[in-house]
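A.B. asks: Sharing a structure with you now.
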Amino acid sequence: MSERYDIAIVGGGMVGATLACALEGTGLRVALIEGALPPAFSPEQPHDLRVSAVSIASVSILNSVGAWAGVVSRRCCPFRRMRVWEDRGDVLFASEDIHEEVLGYIVENRVLQLALIDRLPGLSGVDFLCPAKTRKIDYGSQGSRLELEDGRVIEARLLVAADGGQSQARQAAGMGISSWDYEHHALVLTVETAYPQQDITWQRFTPHGPQAFLPLDGRNASLVWYEAPERVKWLLSLPDEALLGELGREFPAELGEIKSIVSRGFFPLRRQHALRYYKEGAVLVGDAAHTIHPLAGQGVNIGLLDAAALAEVLAKAKRAGRDIGSSAVLREYEGMRRNSNLLMMTAMDFFYRAFGNANVPLRFVRNLGLGLAERITPAKKLVMRYAMGLDGSLPKLARGEGLRG
């Protein structure tokens, strides 16, 4: 026996769960399939390694689906300033410059996922199937069939791939990608700082790679150190005392004293973009469609914008009596998101390539550019508003509007 749905979302992470929540009340029957629940949250737990810089647009989306209160009730850290510099080039962004309370929030990925999962029970038209792993996906242009490892069978008109960069659903639908690996790996550290609660996030560019500081609540912070894979491997092998010494030598004085290392890890960096976001009966969102260099922390934000845009398109199609799995409908979603995502990915690639070059004349130009960016106030404000999701073409949920009407 199989159970029929309008939509099967494979992957109940941040993006897939946001999409499921956003589709509640649209009249569409949705199955959200996730392999395992994240560990429960306790405020006494140390901070997770994987965190995201959540933009104002993303907060609007999460508010719209009723999940932001669940983030705030756990923990998050607002930041009001962002500094970027190299040598003498230095630019500081401040929320007060554009009359906003904050620039964004640093949130643990698990906290964000748990806040969304809290919303799922009882949502009309949404079934959360967890733990449930897909054993086999048979894609069809007029509908797909998913066999779960526990024996259940799901049939759905529209297959949504929200299952990450190595997406099983994307592969089943036969949608290709272009990808390459960056030269750096990212060493990620959760640390306890001597400074009290901070409200600034900063990034410094060095000849070996960028260094980033992300404030967490209290005297805690997340450090991201981009380095050659061999050096990252060596740094990970050091005992805490030796690694603290390396941080003191390599990171700028703005870091202050690090009291202790709470946790450490690394991840390789890959740029990946689907050749197309849809085909008849299937569509990609989040990391299944794109993975971006984490320089500006935009990965989760563009994924949530994907979810908001797709929910908007599907809700409109349902109201109009159109086929939600048709190419004509899904093409509207790709039109809303693909070029916008490509622009952000290209911008991150530009910064990565330009600031990763040790050429002295280019270094001078970079520092000059950062200095000009600090002095040209209108341009700086424009960049801030775009990065925060306050300007540009945005889905309704990112503007705080409902999907109806």
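The values are calculated or read from the model by the stated rules, or taken from the named source; none is laboratory data. If you're wondering where the values come from, they're calculated on a predicted model, not measured in any experiment. Reconstructed Cβ throughout: ideal geometry from the backbone, glycine too, with neighbour counts over all protein chains shown. Heavy atoms of the whole protein, side chains included, go into the accessibility calculation; ligands, DNA and RNA do not. Shrake-Rupley method; radii C 1.70, N 1.55, O 1.52, S 1.80 Å.
A.B. asks: How many residues are more than 24 Å from Pro46 (Cβ to Cβ) and not in a loop (DSSP other than H, G, I, E, B) when one looks only at the stretch 235-267?
C.D. replies: So the answer is 2.
A.B. asks: Name every residue in the stretch 221-264 that is among the polar types (S, T, N, Q) and buried (at least 20 other Cβ atoms within 10 Å of the Cβ), in order of residue number.
C.D. replies: Ser222, the sole residue that qualifies.
A.B. asks: Considering only residues of the stretch 100-116 that are among the hydrophobic types (A, V, I, L, M, F, W, C) and surrounded by fewer than 24 Cβ atoms within 10 Å (Cβ to Cβ), which is nearest to the chain's Cα centre (by Cα)?
C.D. replies: Restricting to residues being among the hydrophobic types (A, V, I, L, M, F, W, C) and surrounded by fewer than 24 Cβ atoms within 10 Å (Cβ to Cβ), the top hit is Ile106.
A.B. asks: Additional query: Pairs please, first residue from the stretch 332-351 and farther than 17 Å from Leu394 by Cβ, second anywhere and open to solvent by 40 Å² or more (accessible area, probe 1.4 Å), Cβ atoms under 7 Å, 6+ apart in sequence or on different chains.
C.D. replies: Met348/Ala296
A.B. asks: Within the stretch 64-84, does at least one residue satisfy the condition of being open to solvent by less than 10 Å² (accessible area, probe 1.4 Å), touching a Cys at 6+ places or on another chain (Cβ under 7 Å) and among the small types (Gly, Ala, Ser)?
C.D. replies: There is at least one residue in the stretch 64-84 that is open to solvent by less than 10 Å² (accessible area, probe 1.4 Å), touching a Cys at 6+ places or on another chain (Cβ under 7 Å) and among the small types (Gly, Ala, Ser).
Every residue, every condition in (1) at pLDDT 85 or above; (2) of a type in the set (Asp, Glu); (3) closer than 24 Å to Val285 by Cβ; (4) more than 21 Å from the chain's Cα centre (by Cα), yes or no:
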site: Arg331; (1), (2), (3), (4): yes, no, yes, yes
site: Glu334; (1), (2), (3), (4): yes, yes, yes, no
site: Asn341; (1), (2), (3), (4): yes, no, yes, no
site: Ala358; (1), (2), (3), (4): no, no, no, yes
site: Glu374; (1), (2), (3), (4): no, yes, no, yes
site: Thr377; (1), (2), (3), (4): no, no, no, yes
site: Arg385; (1), (2), (3), (4): no, no, no, no
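A.B. asks: While we're here: Among the residues of the stretch 96-119, is any farther than 30 Å from Pro215 by Cβ, modelled with pLDDT under 95 and in a loop (DSSP other than H, G, I, E, B)?
C.D. replies: Within the stretch 96-119, none of the residues are farther than 30 Å from Pro215 by Cβ, modelled with pLDDT under 95 and in a loop (DSSP other than H, G, I, E, B).
A.B. asks: If I go through the stretch 14-42 residue by residue, how many of them are open to solvent by 10 Å² or more (accessible area, probe 1.4 Å), under 21 Å from Val313 (Cα atoms), at pLDDT 95 or above and assigned to a loop (DSSP other than H, G, I, E, B)?
C.D. replies: So the answer is 4.
A.B. asks: Right, another one. For the stretch 199-220, give me each residue that is assigned to a loop (DSSP other than H, G, I, E, B), open to solvent by 10 Å² or more (accessible area, probe 1.4 Å) and either among the hydroxyl-bearing types (Ser, Thr, Tyr) or touching a residue at least 60 places away in the same chain (Cβ under 8 Å) (or both).
C.D. replies: Asp199, Pro207, Asp217
A.B. asks: Quick one: which residue in Gly281, Gly248 is out of contact with any Lys or Arg (no Cβ under 6 Å at 6 or more places or on another chain) and under 30 Å from Trp234 (Cβ atoms)?
C.D. replies: Gly248
A.B. asks: From Leu123, Leu159, Leu189, Leu146, grab the single residue that is assigned to a loop (DSSP other than H, G, I, E, B), over 20 Å from Val59 (Cβ atoms), open to solvent by less than 50 Å² (accessible area, probe 1.4 Å) and in contact with a strand residue (DSSP E or B) (Cβ under 9 Å, 6 or more places away or on another chain).
C.D. replies: Leu123
A.B. asks: Keeping to the stretch 268-297, report how many residues are under 11 Å from the mean Cα position of the chain (by Cα) and open to solvent by 20 Å² or more (accessible area, probe 1.4 Å).
C.D. replies: 6
A.B. asks: Restricting attention to the stretch 311-322, which residues are crowded, with 16+ Cβ neighbours inside 10 Å and either of a type in the set (Lys, Arg) or in a loop (DSSP other than H, G, I, E, B) (or both)?
C.D. replies: Lys316, Lys318
A.B. asks: If you check every pair at least six apart or on different chains, which have Cβ atoms under 7 Å apart with a residue in the stretch 315-326 that is closer than 18 Å to Ser144 by Cβ first and a residue that is open to solvent by 60 Å² or more (accessible area, probe 1.4 Å) and among the basic types (Lys, Arg) second?
C.D. replies: Going by the 7 Å Cβ cut-off, the qualifying pairs are Ile324/Lys318.
A.B. asks: In this structure, is Gly143 on the phi > 0 side of the Ramachandran plot and under 27 Å from the mean Cα position of the chain (by Cα)?
C.D. replies: Against the criterion (on the phi > 0 side of the Ramachandran plot and under 27 Å from the mean Cα position of the chain (by Cα)), Gly143 does not qualify.
A.B. asks: If you don't mind, another one. Of the residues in the stretch 225-254, how many are touching a strand residue (DSSP E or B) at 6+ places or on another chain (Cβ under 7 Å), modelled with pLDDT of 95 or more and aliphatic (A, V, I, L, M)?
C.D. replies: 6
A.B. asks: Can you pull out the residues in the stretch 126-142 that are crowded, with 17+ Cβ neighbours inside 10 Å and closer than 26 Å to Gly176 by Cα?
C.D. replies: Passing the criteria: Ala132, Thr134, Ile137, Tyr139.
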